[in-house]
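Here's the structure, in structure tokens; my notes come after.
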Amino acid sequence: VEDARSLLAPTNQQIKQSGLNNPGIMNMATTLTALVMNQEKALTVHIGNCRLSSHKKYLQPITKDQTVVAGMVSRGEMTKEEAKLSPLRNQICACLGGGEEDYFGPLQVEEQEKLLTQESNLILTSDGIHDYVGEDELETELGTGGEIYELCKRIVKRARENGSTDDISLIIVDRLQKYEQESM
């Protein structure tokens, strides 16, 4: 767990230094959600507002957004519906880079034992997807099955149709097909 933090610390410093050296990108930052997994261990690395979820029939969040509105929702200061419309919804509280403040501190690195045996697909999304394709709509698309590449294209198209101009990143790890083949 500490190895992941140690590996990312120099990257965080490089991003901050690049911003300090170039006034046009002074406070540049990036978010990250990663999954490192083999037969024995599953590890998530998360900072910012990208998401990792599992999906069999319903989306089950594995990571939590580190944003101003996510904090307000968790404290009961705002509803989920209000958060979706808030002008602060993309304001992150944690990231790599981000200027001189320590936005790297909230980096979460966690072992995820349940992912080793959980019979579900894994879905990684950037806010360009999950802010524009609602949970119900995403569950419906994911439930259609079929070729993963075509499914990704449909979800990306839906995000664009719904007005996304943000970064649009989507990864689907198809584990359900593996479990179906093993049970035959």
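The values are calculated or read from the model by the stated rules, or taken from the named source; none is laboratory data. In this text the structure is predicted, and so the values were computed from the model without any measurement. Here the Cβ positions follow ideal geometry from the backbone for every residue, glycine too, while neighbour counts run over all protein chains shown. Accessible surface areas use protein heavy atoms only, side chains included; no ligands, DNA or RNA. Shrake-Rupley method; radii C 1.70, N 1.55, O 1.52, S 1.80 Å.
Need one word for region 1-97: rounded, prolate or oblate. Basis is the Cα gyration tensor (sqrt eigenvalues a ≥ b ≥ c); a/c below 1.5 gives rounded, then a/b vs b/c decides.
Working: a/c = 2.62, a/b = 1.10, b/c = 2.39.
The shape class here is oblate.
How would region 122-165 be classified by its alpha-carbon gyration tensor: rounded, prolate or oblate, with rounded meaning a/c under 1.5 and the a/b versus b/c comparison settling the rest? Could the numbers behind the result be given before it?
Working: a/c = 1.67, a/b = 1.50, b/c = 1.11.
Taking the square roots of the gyration eigenvalues as a ≥ b ≥ c, region 122-165 is prolate.
How big is D for region 78-184, in µm² s⁻¹ as a whole number, if Stokes-Einstein is applied with the Kirkwood radius of its Cα pairs at 4 °C and 1.567 mPa s?
Working: Rh = 16.3 Å.
The Stokes-Einstein estimate is 79 µm²/s.
Using θ = phi - 60° and the Karplus form 6.51 cos²θ - 1.76 cosθ + 1.60, what ³J(HN,Hα) does each residue of region 32-48 get, whole Hz, x for Gly and Pro?
So the J values, rounded to whole Hz, are 8, 9, 9, 10, 10, 8, 9, 5, 10, 8, 10, 10, 10, 10, 9, 8, x.
Cα-based count: Lys pairs in the chain below 21 Å, eight or more positions apart or different chains?
Eligible lysine pairs with Cα atoms under 21 Å apart amount to 16.
Let me have the relative contact order for the chain, percent, based on Cα pairs under 8 Å that are six or more residues apart. Intermediate values should be presented prior to the final figure.
Details: 313 pairs, mean separation 42.8, N = 184.
Result for the chain is 23 percent.
Give the shape of region 46-107 as rounded, prolate or oblate, defined through the alpha-carbon gyration tensor: a ≥ b ≥ c are the square roots of its eigenvalues, a/c under 1.5 means rounded, and otherwise the shape is prolate if a/b is larger than b/c and oblate if not. Show your work: numbers first, answer last.
Working: a/c = 2.38, a/b = 1.24, b/c = 1.91.
Judged from the Cα gyration tensor, region 46-107 comes out oblate (a/c at least 1.5, b/c at or above a/b).
Taking all protein chains together and a probe of 1.4 Å, list 133, 173 from the most accessible to the least accessible. Can you show the working numbers first?
Numbers: 133 5, 173 55 Å².
Sorted descending by solvent-accessible area, the residues read 173, 133.
Show that you can apply the helix-only estimate: for the chain, add -39,500 (n - 2.57) for every DSSP H stretch of four or more residues, divide by all residues, and state [θ] at 222 nm to the nearest 500.
Working: 8 runs with 72 residues, N = 184.
Counting only the DSSP helices, I get -11000 deg cm²/dmol.
Explain nothing, just compute: Karplus ³J(HN,Hα) = 6.51 cos²θ - 1.76 cosθ + 1.60, θ = phi - 60°, for every residue of region 62-75 in order, whole Hz, x for Gly and Pro.
Listing the rounded values in order: 9, 10, 10, 4, 10, 10, 4, 5, 4, x, 5, 5, 5, 8 Hz.
If I take the Cα coordinates of the chain and project them onto the principal axes, what are the three extents in Å, biggest first?
Extents along the principal axes, in whole Å: 57, 38, 33.
Which of the GluC sites (Glu not before Pro) across region 131-161 are loop residues per DSSP, with 16 or fewer other Cβ within 10 Å?
Details: sites: 135, 137, 139, 141, 147, 150, 161; in loops: 147.
Taking region 131-161 and a limit of 16 other Cβ atoms within 10 Å, the loop GluC sites (Glu not before Pro) found are 147.
Would you list 171, 62 from the most to the least accessible area, probe 1.4 Å? Could the numbers behind the result be given before it?
On the way: 171 95, 62 30 Å².
Final ranking, largest accessible area leading: 171, 62.
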